[in-house]
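Engineer: Before I ask anything, here is the structure I am working with.
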Amino acid sequence: MTAGAEDSLREAFGLIPGRDCTGQQRRGQGVQGGYASPMKAALYRHNGPAAEVLQVEEIERPQPGPEEVLVRVRASGVNPTDWKTRSGMTPRPIDGFQIPHLDGAGIIEAVGPGVDPGRVGERVWLVMAAVGRRWGTAAEWTAVPERQAVPLPDGASFELGASLGVPALTAHYCLFSDGPVKGQTVLVAGGAGAVGHFAIELAKRAGARVITTVSSAEKGALAEKAGADLVVNYRAGDAADQIRAFAPAVDRVIEVALGANLALDLALSRVGTTVVTYAAESADPVLPVRACMTANVILRFVLLYGVPAAALERAAADITAALAAGDLTGLPVRRYPLDHIAAAHEAAEAGVVGKIIVTP
Ligand SMILES: NC(=O)c1ccc[n+]([C@@H]2O[C@H](COP(=O)([O-])OP(=O)(O)OC[C@H]3O[C@@H](n4cnc5c(N)ncnc54)[C@H](OP(=O)(O)O)[C@@H]3O)[C@@H](O)[C@H]2O)c1
């Protein structure tokens, strides 16, 4: 993430430069109060391999500052961005130490000045907890601006709540940036991935017909369970023909690998088809400009860190409504205790199937 994108997100969530308990402004930190009791947390002080830099320590617990809530974390979700940031692949400044993980879920235990005390006891899912601050969710407690603690409906587990933040918000923004998808045909590349999974479920909830691609039968079963109307193995030589037999063209593509899949996407496009890319491959693709012109296709790129606040809040509200309606499910969960966080990161880096949850 670029510094500009991080600043934009902090601004989007109304964060202002933080001060510690001595009143000194902290470099690179959001609003946060002083320290109280101890807590167990996973943290790193330098970028590097998981087993080398991740440690579990007892540190002082954050107190909620103005407009913040203190959350007892019950589940902490691991995303690719967490290990990419930790490893240094997409580094961010470390202010002394960094507790990893943007996503999590738990219960509000205390509120800072300016927050309705009635929120104490509320079950919440967390959005972007570690952005611009050191208090990620891989700890017993975290403090976040209250707008980043979204009500978690009673029927939804903490593990599902901790699976939502980055993947579901990304899926939502990719899907709906160009308007409603009701009655449209949506192609979700990689439908058993974390973003792909929620893209399928949100598109189905919104009334779309959903086609998805996977690379194995195991992943195909997950995509079917999520509600995809057609599941195709993208490694099959006739993937385009299989899809065209089901639908002559698609209206939206939610794309995880533009370079690998652009030929397929163009083969399935019609005038106005939008291809929304949210992931960078190890090498940038060379864009076949004439083929894109000929297809009259629209290319869109999304990075969650820079999405405007209003869109994120709309997405979070819609995701919560989908949860309450029982329209969102989780991928199979792989659980790791906090003490085994390095193994959790290694599993995530290896691309294991399912959702990795760390339990503080
Ligand atoms: N822009 C953003 O704001 C944003 C937000 C979230 C995630 N991301 C990025 O998006 C990527 C995916 O994130 P995630 O959390 O969904 O990861 P994930 O759970 O590991 O899922 C990635 C999925 O992509 C599939 N895939 C890989 N190559 C493919 C191809 N050529 N065609 C179709 N599917 C393919 C993988 O399965 P197979 O390899 O078996 O096909 C896997 O199921 C990561 O690089 C992440 O950093 C970006």
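The values are calculated or read from the model by the stated rules, or taken from the named source; none is laboratory data. As the structure is a computational prediction, the values presented were derived from the model and not from experiment. Don't worry about glycine lacking a Cβ; one is built from the backbone with ideal geometry, like all the others, and counts go over all protein chains shown.
Engineer: What residue, among those in the range 172-220 that are small (Gly, Ala, Ser) and in a helix (DSSP H, G or I), is farthest from VAL250 (Cα to Cα)?
Structural biologist: Going through the qualifying residues, I end up with ALA217.
Engineer: For the list (1) outside any strand (DSSP E or B); (2) buried (at least 16 other Cβ atoms within 10 Å of the Cβ), I need the number of the one condition that ALA41 fails.
Structural biologist: (1)
Engineer: Hey, does the range 138-153 have a residue that's aliphatic (A, V, I, L, M), in contact with a Phe, Trp or Tyr (Cβ under 7 Å, 6 or more places away or on another chain), outside any strand (DSSP E or B) and within 16 Å of the ligand (Cβ to nearest atom)?
Structural biologist: There is no residue in the range 138-153 that is aliphatic (A, V, I, L, M), in contact with a Phe, Trp or Tyr (Cβ under 7 Å, 6 or more places away or on another chain), outside any strand (DSSP E or B) and within 16 Å of the ligand (Cβ to nearest atom).
Engineer: Let me ask something else. Sort out which residues of the range 306-330 are within 16 Å of the ligand (Cβ to nearest atom) and farther than 18 Å from LEU175 by Cβ, and write them in order of number.
Structural biologist: Result: ALA309, GLY330.
Engineer: If you don't mind, there's one more thing I want to ask. Does the range 189-210 contain any residue that is away from the ligand (no atom under 12 Å from the Cβ), β-branched (Val, Ile, Thr), surrounded by 24 or more Cβ atoms within 10 Å (Cβ to Cβ) and modelled with pLDDT of 95 or more? I'd like the intermediate steps shown before the answer.
Structural biologist: Let us first name the residues in the range 189-210 that are away from the ligand (no atom under 12 Å from the Cβ), namely 201-210.
Then keep just the ones that are β-branched (Val, Ile, Thr); that gives 210.
Subsequent filtering for residues that are surrounded by 24 or more Cβ atoms within 10 Å (Cβ to Cβ) retains 210.
When the remaining residues are screened for being modelled with pLDDT of 95 or more, the result is 210.
Among the residues of the range 189-210, at least one is away from the ligand (no atom under 12 Å from the Cβ), β-branched (Val, Ile, Thr), surrounded by 24 or more Cβ atoms within 10 Å (Cβ to Cβ) and modelled with pLDDT of 95 or more, which makes the answer yes.
Engineer: Follow-up. Kindly establish whether VAL232 is within 13 Å of the ligand (Cβ to nearest atom) and in contact with a Ser or Thr (Cβ under 7 Å, 6 or more places away or on another chain).
Structural biologist: yes
Engineer: Next up: Of the residues THR277, THR359, which single one is modelled with pLDDT of 95 or more, crowded, with 20+ Cβ neighbours inside 10 Å and either more than 16 Å from the ligand (Cβ to nearest atom) or at negative phi (or both)? Explain how you work it out, then say what you get.
Structural biologist: Values: THR359 fails: crowded, with 20+ Cβ neighbours inside 10 Å.
Just a single option satisfies the conditions, and that option is THR277.
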